Amino acid sequence: MNGGADAKMNMRLHTLPTALRVLFTCFLLTIGVGYLSALVYLFISDVDPHRKMGMGLVSGIAMKYHGSTGSTRLEAALGGSMSDRIGAEDKRAIVQWIRDGAMSAGFGRVKPIFDRSCVPCHSAASGLPIPSLATLEDVRKVAAADTGPSIGQLARVSHVHLFGISLIFLLTGAIFSLTSISSLLKGTLVATPFVAIWADIGSWWITRYEPVFATVVVVGGAFMGLALAVQILISLWEMWLGAQRIDRPGDVERGAPAAG
Ligand code: HEC
């Protein structure tokens, strides 16, 4: 396409000074490891707890940004992370009480269950940073319908992600743009993570209102990871391994337009 312009600009990864290639390599490897840790974190903090409640990845994300449809934080915890803290009989009694509207009238029946099974941890006295379940008022706070994160919370997570991630994409993309693959493919791969993160973060917001968009969150995240992985791998390859193949001057000029 614009092979002519590429041919004139002969700066390529494998021709860079060694120190710069070492620097780029360290950066790309660190980003790669960072991305993998992000995946591990995502799995432990989001995917696994929802899976324990019997939900798939998409419905887990839908619940995270939309709130649990028809369920409450208390029910979600009873069916999930807190399920082994309570017997089936007691669990049924509490769920029934929630369904009945979590009224003070029925609270006398379930209070002994909370006191016995939950309050040892869920009270101010325990010092744990978790909601107290000691009084009716406390319990009602987690027995109210879960409506997902607030606009303020979403705005906070969104801007932190957008600022931080765009700098990472800028740097990996800048390094990757010095590879000798076709400009069209390069342009596409440099833009992909940005489009993916817009789709991803945009869908956090839309999922708040429309849980179907949880799929876009997953697809956007996957595209972002793939594009980043491809950029990192091709850049590393050209810096250290692929160099011999394209080292002779003239090859790049002749190669680029054909590949484009
Ligand atoms: C051994 C201590 C312990 C006991 C007993 C316990 N919990 Fe928890 N609970 C925790 C911890 C720690 C967390 C936060 C981490 C997590 O979610 O796994 C938590 C989280 C929760 C949450 C989620 C709060 C949120 O932010 O949405 C709810 C609801 C909950 N527990 C309810 C209960 C109920 C109901 C019982 C009694 C049947 C109970 N817990 C018993 C330690 C305990």
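For the stretch 118-135, a residue qualifies if it is assigned to a helix (DSSP H, G or I) and either within 10 Å of the ligand (Cβ to nearest atom) or closer than 13 Å to Ile94 by Cβ (or both), and the qualifying residues are Cys118, Ser126. Only residues that are under 30 Å from Ile206 (Cβ atoms) and part of a helix (DSSP H, G or I) were counted across the stretch 60-98, and they come to 15. For the stretch 80-117, taking the residues that are farther than 27 Å from Asp46 by Cα and hydrophobic (A, V, I, L, M, F, W, C), the one that is nearest to the ligand (Cβ to nearest atom) is identified as Ile113.
Assessment of the stretch 42-60 against the conditions (among the aromatic types (Phe, Trp, Tyr), surrounded by fewer than 18 Cβ atoms within 10 Å (Cβ to Cβ) and either under 13 Å from the mean Cα position of the chain (by Cα) or assigned by TED's automatic domain parsing to the domain that holds Leu133 (or both)) yields at least one matching residue. Listed by first and then second residue, the pairs with beta-carbon distance under 6 Å, at least 6 apart or on different chains, first residue in the stretch 138-163 and assigned to a helix (DSSP H, G or I), second of a type in the set (S, T, N, Q), are Asp138/Ser132; Ala143/Thr72.
Against the condition exposed (fewer than 13 other Cβ atoms within 10 Å of the Cβ) and either part of a helix (DSSP H, G or I) or touching a residue at least 40 places away in the same chain (Cβ under 8 Å) (or both), how does Gly34 come out, does it pass? Here the answer is yes, as Gly34 does meet what is asked.
The values are calculated or read from the model by the stated rules, or taken from the named source; none is laboratory data. Keep in mind that this is a model prediction, so the values were computed, not measured. Don't worry about glycine lacking a Cβ; one is built from the backbone with ideal geometry, like all the others, and counts go over all protein chains shown.
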